[in-house]
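This report concerns only the one structure given below.
The values are calculated or read from the model by the stated rules, or taken from the named source; none is laboratory data. Since the structure is predicted, the reported quantities are computational estimates derived from the model, not experimental observations. Counting neighbours? That spans all protein chains shown, and the Cβs are built from the backbone with ideal geometry, glycine included. All accessible areas refer to the heavy atoms of the entire protein, side chains included, with ligands and DNA or RNA removed. Shrake-Rupley method; radii C 1.70, N 1.55, O 1.52, S 1.80 Å.
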Amino acid sequence: MEAIVENIPLLLRGIGYTVALTLLGYVLALIVGTALAVCRVSPIPPLRWAATVYIEIFRNIPLLSLLILIAFGLPDVGLRLPYFWCGVLGLTLSSAAFVCENVRSGINTVPVGHAEAARSIGLGFFGTLRFVVLPQAFRSMIQPLVNVFIGTVIGSALCSAIAVSEITWVTQTLNIQYAQAVLMFLVAGAVYLGMSLGGAALGGALERAVSPDGHAGGGRDRKTLDVAAGAQA
């Protein structure tokens with residue numbers, strides 16, 4: 001345990017980098033992925049084709065390969081980014097493809113009649129998405145998006161391959177120094193496990209909050225509500 005006690009500041013810095021990589025990559029992926037999903041369902045064919053090409057490319061490139069291409073390929077075309085931001089960019093590009101498909105699947109769960117009703121009252125394409133389709137689709141997208149978050153957490157470990165000093169890179173460095181592989185990687189594993197479980201718990205709480213049964217008046221059993229509704233009918 002001396003290896004851990006003596007290097008607490010270094011470990012905390014690695015955890016901070018891991019959290020920053022994950023949050024920045026995931027939030028940017030939500031923005032990019034949602035925009036791509038809008039393109040996928042838009043009535044403009046070039047937008048649909050461009051979004052489809054993006055998804056097919058970045059969903060099928062291993063994240064490690066993508067990170068290396070970004071970190072060591074961009075300087076060849078005159079664009080130099082710090083390795084940290086190369087990691088954020090790689091996580092964003094990869095996760096956005098999965099966010100897009102999850103958002104598109106959620107949009108497809110909304111009955112077509114709702115969109116047609118929105119258009120009948122004068123809402124355009126973007127107005128229909130914003131006020132009618134996306135609010136209804138959000139509930140079914142929560143758990144798939146939580147899975148994308150967990151994938152982003154785990155994928156952040158690959159940023160150690162491009163010398164980003166996140167928790168995996170730190171534990172690798174300390175293992176070389178102290179030859180305590182099991183202990184060091186147990187620490188790294190605990191960090192990823194804690195972040196993943198925290199994200200899953202937050203997603204579950206959010207899902208309950210938007211569920212009809214999760215409101216303050218939802219303490220009654222669902223079966224009781226159904227029976228009461230049937231009796232009123």
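Summary table
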item	result
Whichever residue in segment 165-181 is assigned to a helix (DSSP H, G or I) and not hydrophobic (A, V, I, L, M, F, W, C) and, among such residues, is most open to solvent (accessible area, probe 1.4 Å)	177
Residue satisfying condition, being out of contact with any strand residue (DSSP E or B) (no Cβ under 6 Å at 6 or more places or on another chain) and closer than 19 Å to residue 153 by Cα, within set 72, 58	58
Among the candidates 195, 184, residue that is crowded, with 18+ Cβ neighbours inside 10 Å and at pLDDT below 90	184
Within segment 45-91, considering residues that are part of a loop (DSSP other than H, G, I, E, B) and of a type in the set (D, E, K, R), the one least open to solvent (accessible area, probe 1.4 Å)	59
Selected residue [modelled with pLDDT of 85 or more, surrounded by fewer than 18 Cβ atoms within 10 Å (Cβ to Cβ) and assigned to a helix (DSSP H, G or I)] from 157, 161	161
Pairs, first closer than 23 Å to residue 135 by Cβ in segment 192-220, second at pLDDT 80 or above and basic (Lys, Arg), C-beta under 6 Å, six or more apart	214/208
Answer residue from segment 130-145, given it is in contact with a Ser or Thr (Cβ under 9 Å, 6 or more places away or on another chain) and open to solvent by less than 70 Å² (accessible area, probe 1.4 Å) and is modelled with the highest pLDDT among those	144
Single residue of segment 198-230 satisfying the filter (surrounded by 11 or more Cβ atoms within 10 Å (Cβ to Cβ), of a type outside the set (A, V, I, L, M, F, W, C) and in a helix (DSSP H, G or I)) that is modelled with the lowest pLDDT	214
Residue count for segment 1-36, restricted to those that are closer than 13 Å to residue 95 by Cβ and hydrophobic (A, V, I, L, M, F, W, C)	10
Residue within segment 27-43 that is over 18 Å from the mean Cα position of the chain (by Cα), at pLDDT 90 or above and open to solvent by less than 50 Å² (accessible area, probe 1.4 Å) present	no
Test: residue 94 is surrounded by 14 or more Cβ atoms within 10 Å (Cβ to Cβ), in a helix (DSSP H, G or I) and either touching a Cys at 6+ places or on another chain (Cβ under 9 Å) or not aliphatic (A, V, I, L, M) (or both)	yes
